Amino acid sequence: MLEKFARLLVDYCVEVKEGDLVSIDAGLEAAPLVRELVREVIIRKARPIYNLSLDETGEYVFRYLSAEEIARLYKPNDISWALINTPNKKIDIGSSYNTRAYSSIDPARLAAFNQAYKPISDRFMERLSSGDLKWVFTHYPNHADAQEAGMPSTEYREFVFRAMKLHEKDPVRAWKRLRRELRRYKKLLDKIETLEIESPQAHIKMSVKGRKWIVDGGEMNMPGGEVFTSPVEDSVEGWVKFTYPLVYFNNVVSGVEFRFEGGRIVEFDAEEGKELLKRILSIDEGASRLGEVAFGLNYDIDRFIKNALFDEKIGGTMHMAIGKGFEEAGGKNDSAIHIDMVFDMKEGRVKADGNIIYEDGKFVI
């Protein structure tokens, strides 16, 4: 199964070719997958550069440095610029050794790190948008994430691999089939001007006029399975209550509810973690506006596991993100954060320019 996984990443997601320089970043838990990836990259006569991070070193930054020290010490340097500018293919693998590692960290320190790292993030997005870099982010299943998802490790591993369509005889073919379907939805969505979302979870309207919808058919995220854009920043009006919690550096805020006027969050509430939510929304000017609206369309993902890579693709859901918009979609909202929140649409509908295009969790076009 790991050989299948590695080949999917190398051949479908980033399309490794002879002479490529392929950056692979992961935690030690993902070492078995990294080994397979290195082998597959070398077989294709490309060069791998891999970095395996130690378990607890990330915590040290936030425990022993103040927000001011983080902002000063973690400004981009020659090494960080070289790491983002040199490879033409990049594979990042998430895998938690401890899902609660950052649960007691001051959000101001997390925000300071995000702000210091922002020039690198911006350069990364610039290279992606220009086509100069092909990148995928994926996940390697382990015991800590299985516990967080409330599943036995074997069941969790099967869930993860099914979400990536590794249960299929030919996963690449399966992803190409889904990508064609998502592109059909994109073709319609690119033509519309307004979206109205009506469900027990949301009554909200926004303009997407002139915005480009983007298909995630598994090339940039594995698993993929969404179509998304950035709404016109000052157009969002209405109310939404998210079915599933907001997760920020493993900190959980549940029962999140927003009311928008003129594109800005003017009222907010949460059943748990309201003070943290208040801090997140005040991180910067763009944190209280939407940077994304999206449809989750991977029906092999059927449950919430507190991992945005999977949760935002749950079939029959939509999600929104506060913070930074997508420049390639036409988004103009700028922020140091981009945090996804998911709500169920199995009893809802979406109108595009007044016409129903999506109902009870599926497109009807």
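If I filter the range 127-142 down to residues being surrounded by 14 or more Cβ atoms within 10 Å (Cβ to Cβ) and either in a helix (DSSP H, G or I) or among the aromatic types (Phe, Trp, Tyr) (or both), which single residue comes out as nearest to the chain's Cα centre (by Cα)? Top of the filtered list is 137. Output the residue which, of all residues in the range 49-76 that are assigned to a strand (DSSP E or B) and under 23 Å from the mean Cα position of the chain (by Cα), is modelled with the lowest pLDDT. Checked the range 49-76; the qualifying residue modelled with the lowest pLDDT is 53. On inspection, residue 100 fails the criterion of being over 20 Å from the mean Cα position of the chain (by Cα) and outside the structural domain of residue 246 (by TED's automatic domain parsing).
In this structure, residue 166 does not satisfy being assigned to a helix (DSSP H, G or I), at pLDDT 95 or above and of a type outside the set (Phe, Trp, Tyr). If the condition is being outside any loop (DSSP other than H, G, I, E, B), within 21 Å of the chain's Cα centre (by Cα) and either over 14 Å from residue 318 (Cβ atoms) or not assigned by TED's automatic domain parsing to the domain that holds residue 190 (or both), then the range 217-246 contributes 221, 222, 246.
The condition of being within 24 Å of residue 221 (Cβ to Cβ), surrounded by fewer than 18 Cβ atoms within 10 Å (Cβ to Cβ) and at pLDDT 95 or above holds for only one of 358, 299, that being 299.
Of all residues in the range 202-239, those satisfying the criterion of being touching a residue at least 60 places away in the same chain (Cβ under 8 Å) and more than 29 Å from residue 138 (Cα to Cα) are 202, 206, 210, 233.
Note on the range 217-234: among residues that are among the acidic types (Asp, Glu) and surrounded by fewer than 21 Cβ atoms within 10 Å (Cβ to Cβ), the one that is farthest from residue 296 (Cα to Cα) is 234.
Of the residues making up the range 8-48, those that are under 28 Å from residue 250 (Cβ atoms) and either free of Cβ contacts under 8 Å to residues at least 12 places away in the same chain or in a strand (DSSP E or B) (or both) are 23, 24, 25, 26, 27, 35. Is at least one residue of the range 106-121 under 23 Å from residue 298 (Cα atoms) and outside any helix (DSSP H, G or I)? No, every residue in the range 106-121 fails to be under 23 Å from residue 298 (Cα atoms) and outside any helix (DSSP H, G or I). Does residue 244 satisfy being buried (at least 17 other Cβ atoms within 10 Å of the Cβ) and not polar (S, T, N, Q)? So residue 244 fits the description; yes. Counting residues in the range 194-206 that are hydrophobic (A, V, I, L, M, F, W, C), over 28 Å from residue 97 (Cα atoms), in the same structural domain as residue 335 (by TED's automatic domain parsing) and touching a helix residue (DSSP H, G or I) at 6+ places or on another chain (Cβ under 8 Å) gives zero. In the range 184-216, the qualifying residues are those that are small (Gly, Ala, Ser) and assigned to a strand (DSSP E or B), and the one that is surrounded by the most Cβ atoms within 10 Å (Cβ to Cβ) is 202. Looking only at residues of the range 143-174 that are in contact (Cβ under 8 Å) with a residue 24 or more places away in the chain and under 13 Å from residue 7 (Cα atoms), we find that the one that is surrounded by the fewest Cβ atoms within 10 Å (Cβ to Cβ) is 172.
If only residues of the range 334-346 that are part of a loop (DSSP other than H, G, I, E, B) and at pLDDT below 95 are counted, the one that is surrounded by the fewest Cβ atoms within 10 Å (Cβ to Cβ) is 346.
The values are calculated or read from the model by the stated rules, or taken from the named source; none is laboratory data. None of the values given here were measured: they were computed from a predicted structure. Note that we place each Cβ from the backbone using ideal geometry, even for glycine, and neighbour counts take in every protein chain shown.
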